[in-house]
Amino acid sequence: MKKIRVLIAKLGLNGHDRGAKVVARALRDAGMEVIYTGLHQTPEQVMETAIQEDVDVIGISLLSGAHMTLFPMVQKLLKEHRIDNIMIIGGGIIPEEDSFKLKQAGIAEIFGPGTNTKDIVNFILSKVKK
Amino acid sequence: MNLAEHILNGDRKAVAKLITLVENNSPESIKQLSVLHSHCGKAHVIGVTGAPGCGKSSLIGKLTAEYRKLGKRVGIIAIDPTSPFTGGAFLGDRIRMQEHFTDKDIFIRSMGSRGSLGGIAKSTADTAKILDAFGKDIIFIETVGAGQADVEIAKIALTLLVVTMPGSGDDVQAIKAGILETGDIFVINKADIPGTEQAELYLEQMLNLTSYPAGKWKPRVMKTSASLNTGIAELVDAIQSHMEYLKKSGEIGAKLREKARVEFMALVKQNVTKYILEHVIKKGELEETIERIIKRQIDPYSAADELVERIFSE
Ligand SMILES: Nc1nc2c(ncn2[C@@H]2O[C@H](COP(=O)(O)OP(=O)(O)OP(=O)(O)O)[C@@H](O)[C@H]2O)c(=O)[nH]1
Ligand SMILES: [Mg+2]
């Protein structure tokens, strides 16, 4: 049976991973396989892990404020490797207008700090067809 | 799409896709695996088992760095438990292997146990084959780490590392309970914390209770600290010695033969059963027989005999 595989990655230099872990556990409890890679990931590491783990979704969490450079870097790397079937979602403190721009550029959804994990689960379930 | 061909051409995306097909029990995976078979058999598969938290992932991370210095290409399969209630899994072994994520000569795959009870997943052996055909020289398999139940790994690993740590009495108990016979090298990891000498003494004593005939491999006890990166090169040496022993003694031939036999017999059994269920048994017959067994009109032994006799007489 096919299972939804999700990579949860924490990009950027600072921050903790409490929020990311909460999301990871919620996805696991919804029956998904969650690959968790820990803090301080670079876009290259995220891309390589996503390839080797054959994930359906990449969830990127960041607090550092570098979202307008880091998200596009991951997208660019995936594109360079001709990977077009992985959905990217984001989490963290991201201003409304940036969030809008990122979504315009192909990030599927951005979830703010107060998001109910159920919404994230449902979003993934509705987008990833198995 | 011919995944096997892509894999043999060095395409890691194809490797990842085929592993997924194997995990999902896709019939297509069988076709691809059969193509890969003739390209397998070169890798040294190393099992790493031991209680949760003893440092299996950290140790594999460090051993991998050491093998890379020797120019070896490394594959890692890390299994974590799948929740029996939700079917989900939290796969966190990669956290300890970050330095290797972007090395093109390393391939890491995390895996949920998906209902298997023996410490590895049903798809682990086939995944090891894929990495073997892909050209990995060394393949580490990290088991779920349930201790006693981790017996399946002994069937697919050529060398089995049993990891423990100082001060964990329970751990040593777990070793006592069954894996003592199958471990080739016992590793006391976290040798940077107190209690290492006691653990070493205890393990040595345990191993001395068994007598090893001359010329047979006697399990070794090694001390490592994945945190301080000590004892790692020595452990690699010990693993290499074990491989040399397997080759010199001819035991490797016996191991591979047994492995092939187990795999082949399992496949025959699976295919025969499938064929009978799909083509031979008449619709409803199975349920009818089961009904009769429940009602005690026939016993299951005779019912099975009758069925098999009928199949072969037809
Ligand atoms: N002091 C010390 N701590 C270590 C050493 N190796 C690992 N650890 C720590 O032990 C904890 C568990 O390490 P892991 O490598 O995740 O252990 P594991 O056996 O893979 O754990 P599971 O996969 O959950 O069964 C981590 O916090 C590591 O930092 C070591 O040599 N010394
Ligand atoms: Mg681990």
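The values are calculated or read from the model by the stated rules, or taken from the named source; none is laboratory data. These numbers were taken from a predicted model, which means no experiment stands behind them. Please note: Cβ atoms are built from the backbone with ideal geometry, for glycine as well, and neighbour counts cover all protein chains shown.
Residue selection: B:GLU66 satisfies the criterion of being touching a residue at least 40 places away in the same chain (Cβ under 8 Å) and more than 15 Å from the chain's Cα centre (by Cα).
Take the residues in region B:64-86 that are of a type outside the set (Ser, Thr, Tyr) and over 19 Å from B:THR127 (Cβ atoms), then tell me which one is surrounded by the most Cβ atoms within 10 Å (Cβ to Cβ). Ranking the qualifying residues of region B:64-86, first place goes to B:GLU66.
Report the residue count in region B:86-114 for those that are assigned to a loop (DSSP other than H, G, I, E, B) and at the interface with another protein chain (Cβ under 7 Å from one of its Cβ atoms). Of the residues in that region, 6 qualify. Selection within region B:64-74: residues that are aliphatic (A, V, I, L, M) and within 13 Å of B:ASP137 (Cβ to Cβ). The member of this set that is farthest from ligand 2 (Cβ to nearest atom) is B:LEU70.
Just one of the listed residues (B:GLY118, B:GLY145) is closer than 20 Å to B:VAL45 by Cβ, more than 14 Å from every other protein chain (Cβ to nearest Cβ), part of a loop (DSSP other than H, G, I, E, B) and within 16 Å of ligand 2 (Cβ to nearest atom), namely B:GLY145. Of everything in region B:1-55 that's of a type in the set (A, V, I, L, M, F, W, C) and within 16 Å of ligand 2 (Cβ to nearest atom), which residue is farthest from the other protein chains (Cβ to nearest Cβ)? Only one residue fits best here, namely B:ALA51. Taking residues in region A:83-94 that are within 14 Å of chain B (Cβ to nearest Cβ) and within 16 Å of A:ALA9 (Cα to Cα), and partners anywhere that are among the acidic types (Asp, Glu) and buried (at least 20 other Cβ atoms within 10 Å of the Cβ), the pairs with Cβ atoms closer than 8 Å and at least 6 places apart or on different chains are A:ILE86/A:ASP56.
So that you can scan it fast, the table gives a plain yes or no per residue for (1) surrounded by 17 or more Cβ atoms within 10 Å (Cβ to Cβ); (2) over 21 Å from the mean Cα position of the chain (by Cα); (3) within 30 Å of B:ILE311 (Cα to Cα):
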residue	(1), (2), (3)
B:GLY183	yes, no, no
B:THR196	yes, yes, no
B:TYR212	no, yes, no
B:TRP217	no, no, no
B:ALA226	yes, yes, no
B:GLY231	yes, yes, no
B:LYS248	no, yes, no
B:GLY253	no, no, no
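Filtering region B:139-158 to residues that are surrounded by fewer than 23 Cβ atoms within 10 Å (Cβ to Cβ) and at pLDDT 95 or above leaves only B:LEU158.
With respect to the conditions (1) without any contact (Cβ under 8 Å) to a residue 24 or more places away in the chain; (2) within 28 Å of B:GLY75 (Cβ to Cβ), A:GLN104 lacks only one, and its number is (2).
Considering only residues in region B:1-22 that are in contact (Cβ under 8 Å) with a residue 24 or more places away in the chain and touching a strand residue (DSSP E or B) at 6+ places or on another chain (Cβ under 9 Å), the one that is surrounded by the fewest Cβ atoms within 10 Å (Cβ to Cβ) turns out to be B:ARG12. Within region B:211-235, the set of residues being within 16 Å of ligand 1 (Cβ to nearest atom) and either within 14 Å of chain A (Cβ to nearest Cβ) or closer than 22 Å to B:LYS155 by Cα (or both) comprises B:VAL221, B:LEU235.
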